[in-house]
Amino acid sequence: MRSMPAFVVVAATAAVALGTAAVPTWASDGFSLQLSGSSSAVAGQPLSLTATGKNPAVGDYPYVTYLDVELFRPSAVAACPATQSAAGQLAPATGGAVLAWDVPTDSDAAGNFSIPFGLTPLAPGPVLLCGYTAGLAGETLATASMTLPVQSSAPATPQSLAPPHLRRSGHQVICDAGRWSNGPTRFSFAWLVDGRGQPGATGRILLVTRKLRGHKVQCRVTASNDGGRGTALSGRLSIH
């Protein structure tokens, strides 16, 4: 058995099915395999997947098979190799990884099996998963493939490091956004007068009118990026 990479998690139960009859002809005897669990992944985040399938019954037991799953970059391998042995040799040679190797399929009495496995993609870009069930002699009995787009990890939500600051300039009050962590890419502004929101006042600059005299104004800043958004409130400025 080959060892699996440290960044890959594989879980499976021990096999209990036994078979001693001759190897069935897989193309006509009902071996099947599917890979499922997600339509996309995020770099740096663990992902749970499942291999399911069926082995035909041989006498009173399903035929004994073992699960292998290899990961490839489509830029290096355009399609899954036809056999388990070819995939096992090609994955390490092309910068891929072995996700599961010689995992017993533990079929039930009807020949069905379900095996969880997982991976944590380390970089964005598509990955190709190639699954195989192999018999005791290493013969390939069923195959499956799955392509997963891997997205870049989302940045952390912006956090306020210094609150917004108000400054008076003639008949205007200007809101400086303050300092933020985690690289915000967008800012929006809202104004409050004596603690109450002012509909329509959404710009960085608030025009001072007679109605504002004797009142206190504040600015609420919302900083956003692809990871989310954070808000911060300025101190109050008295309008004279």
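The values are calculated or read from the model by the stated rules, or taken from the named source; none is laboratory data. In this text, all values refer to a predicted model and were calculated from it rather than measured experimentally. As a convention, Cβ positions derive from the backbone with ideal geometry for all residues, glycine included, and neighbour counts pool all protein chains shown.
Values for this structure:
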{"read-out": "Total residues in segment 128-143, condition surrounded by fewer than 20 Cβ atoms within 10 Å (Cβ to Cβ) and hydrophobic (A, V, I, L, M, F, W, C)", "value": "2"}
{"read-out": "Long-range neighbours under 8 Å by Cβ, at least six apart or interchain, first residue more than 25 Å from Pro81 (Cα to Cα) within segment 144-159, second surrounded by fewer than 15 Cβ atoms within 10 Å (Cβ to Cβ) and hydroxyl-bearing (Ser, Thr, Tyr)", "value": "Gln151/Ser40; Ala156/Ser181; Pro158/Ser181; Gln159/Ser181"}
{"read-out": "Residues within segment 45-61 that are surrounded by 15 or more Cβ atoms within 10 Å (Cβ to Cβ) and touching a residue at least 40 places away in the same chain (Cβ under 8 Å), tallied", "value": "10"}
{"read-out": "Residue that is surrounded by the most Cβ atoms within 10 Å (Cβ to Cβ) [pool: residues in segment 168-183 that are outside any loop (DSSP other than H, G, I, E, B) and in contact (Cβ under 8 Å) with a residue 40 or more places away in the chain]", "value": "Cys175"}
{"read-out": "Residue, surrounded by the fewest Cβ atoms within 10 Å (Cβ to Cβ), within segment 208-230, restricted to residues that are over 40 Å from the mean Cα position of the chain (by Cα) and closer than 20 Å to Gly178 by Cα", "value": "Lys216"}
{"read-out": "Members of segment 42-88 found to be under 22 Å from the mean Cα position of the chain (by Cα) and of a type in the set (Lys, Arg), listed by number", "value": "Arg73"}
{"read-out": "Answer residue from segment 112-123, given it is at pLDDT 90 or above and more than 14 Å from Leu49 (Cβ to Cβ) and is surrounded by the fewest Cβ atoms within 10 Å (Cβ to Cβ) among those", "value": "Asn112"}
{"read-out": "Matching residues, segment 203-232, being in a strand (DSSP E or B) and more than 12 Å from Gln159 (Cα to Cα)", "value": "Ile205, Leu206, Leu207, Lys216, Val217, Gln218, Cys219, Arg220"}
{"read-out": "Per-region count, segment 69-107, residues part of a strand (DSSP E or B), out of contact with any helix residue (DSSP H, G or I) (no Cβ under 8 Å at 6 or more places or on another chain) and either acidic (Asp, Glu) or not assigned by TED's automatic domain parsing to the domain that holds Leu119 (or both)", "value": "1"}
{"read-out": "Candidates Ser152, Ser85 - the one that is touching a Gly at 6+ places or on another chain (Cβ under 8 Å), farther than 30 Å from Leu237 by Cα and surrounded by fewer than 19 Cβ atoms within 10 Å (Cβ to Cβ)", "value": "Ser85"}
{"read-out": "Scope segment 184-199; condition closer than 21 Å to Gly227 by Cα, of a type outside the set (Ser, Thr, Tyr) and surrounded by 13 or more Cβ atoms within 10 Å (Cβ to Cβ); matching residues", "value": "Pro184, Phe187, Phe189"}
{"read-out": "Condition broken by Ala144, with the remaining ones in (1) at pLDDT 95 or above; (2) outside the structural domain of Ser40 (by TED's automatic domain parsing); (3) small (Gly, Ala, Ser) satisfied", "value": "(2)"}
{"read-out": "Which listed residue, of Thr157, Thr202, is of a type in the set (Val, Ile, Thr), surrounded by fewer than 18 Cβ atoms within 10 Å (Cβ to Cβ) and within 30 Å of Thr120 (Cβ to Cβ)", "value": "Thr157"}
{"read-out": "Where Gly235 falls short, out of the listed (1) out of contact with any strand residue (DSSP E or B) (no Cβ under 6 Å at 6 or more places or on another chain); (2) over 30 Å from Leu47 (Cβ atoms); (3) at pLDDT below 95", "value": "(3)"}
